[in-house]
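**Student:** Can you keep this structure in mind? I'll have questions shortly.
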Amino acid sequence: MEQTDQLLLDQLQGTFPLTLRPYRALAESVGVSEEDALRRIRGMRQAGLIRRIGGIMNSRSLGYFSTLCAAKVPPEKIDRLAERLNQLPGVTHNYLRAHAYNMWFTLIAPSQSRAEEILTDLRAQSGVDEIFSLPALRLFKLYVRFNLSGDAQLSPPPA
């Protein structure tokens, strides 16, 4: 990966510029034109290096219910459940693990009862009975950034 792409990814992980031309500000921060930055970001997205660029909201403070879910999915039903999960706007993470409970995802819904309705529908539509909701009893918030460029000057976590 080119150094400029690494620098752009370093910047994208931090505080996104709140300006009329945020990609121009990103471009200037790494020393390229706005057009070049946009071309590079599109290319990284098409290559699967970037899945999404968007805000991370505190769902609890917005009045939403969030839960980590674990599912025991037979291999022949993994694609079916994954397709359905990928269609749900409230699913923020969806991944496989080498474990008896092999599919994990995070679900955000307007209420706990709505989350349970969604999970009931998922069980029925996917044929996977063992999907469990594991809401947090204690919240831990981690701030993770990957230093791709080797630049030791990454911005600190937001307050």
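**Student:** Could you report the chain's accessible area per residue, 1.4 Å probe, as an integer in Å²?
**Tutor:** Using a 1.4 Å probe on heavy atoms only, each residue of the chain averages 68 Å².
**Student:** When the chain is modelled as a GNM with alpha-carbon springs shorter than 10 Å, which of Q11, Q112, Q87 fluctuates the most?
**Tutor:** Per the Cα network of the chain with a 10 Å cutoff, Q87 tops the list.
**Student:** Are there GluC sites (Glu not before Pro) in region 1-86 that DSSP puts in a loop and that have at most 10 other Cβ atoms within 10 Å, and which ones?
**Tutor:** Those that pass, being in a loop and sparsely packed, are E2.
**Student:** Let me ask something else about it. In the chain, what percent of the accessible surface is made up of carbon and sulfur (1.4 Å probe, ligands and nucleic acids excluded)?
**Tutor:** Of all accessible area on the chain, carbon and sulfur atoms account for 54 percent.
**Student:** What do you get for trypsin sites (Lys or Arg not before Pro) in region 7-95 restricted to DSSP loop and a cutoff of at most 15 other Cβ within 10 Å of the site's Cβ?
**Tutor:** In loop regions of region 7-95 (DSSP not H, G, I, E or B), the sparsely surrounded trypsin sites (Lys or Arg not before Pro) are R51, R52, R60, K72.
**Student:** Using only helices, what value at 222 nm comes out for the chain when you add -39,500 (n - 2.57) per DSSP H run of length 4 or more and divide by the total residues, to the nearest 500 deg cm²/dmol?
**Tutor:** About -11000 deg cm²/dmol.
**Student:** Okay, moving on. Taking loop as defined by DSSP and a crowding limit of 11 other beta carbons within 10 Å, which trypsin sites (Lys or Arg not before Pro) in region 86-125 fit?
**Tutor:** Those that pass, being in a loop and sparsely packed, are R97.
**Student:** Kindly state, as a whole number, the per residue volume in cubic angstrom of the convex hull around the alpha carbon atoms of region 1-148.
**Tutor:** In region 1-148, the Cα convex hull volume per residue is 149 Å³.
**Student:** Sticking with this one: Quick one: check the C-alpha center-to-center distance for region 1-47 versus region 66-143, whole angstrom.
**Tutor:** Taking the Cα centre of each part, region 1-47 and region 66-143 sit 32 Å apart.
**Student:** Taking chymotrypsin sites (Phe, Trp or Tyr not before Pro) that fall in a DSSP loop and have at most 13 other Cβ atoms within 10 Å as cut points, what is the longest piece of the chain between them?
**Tutor:** Excluding the exposed sites themselves, the longest stretch runs over 1-139.
**Student:** While we're looking at this one, here's another question. Net charge within 12 Å of A71 by Cβ-Cβ distance, Lys/Arg positive one each and Asp/Glu negative one each, not counting A71 itself?
**Tutor:** Local net charge: +4.
The values are calculated or read from the model by the stated rules, or taken from the named source; none is laboratory data. Owing to the predicted nature of the structure, the values given are computational and were not obtained by experimental measurement. Please note: Cβ atoms are built from the backbone with ideal geometry, for glycine as well, and neighbour counts cover all protein chains shown. The accessibility values were calculated without ligands, DNA or RNA, using every heavy atom of the protein model including side chains. Shrake-Rupley method; radii C 1.70, N 1.55, O 1.52, S 1.80 Å.
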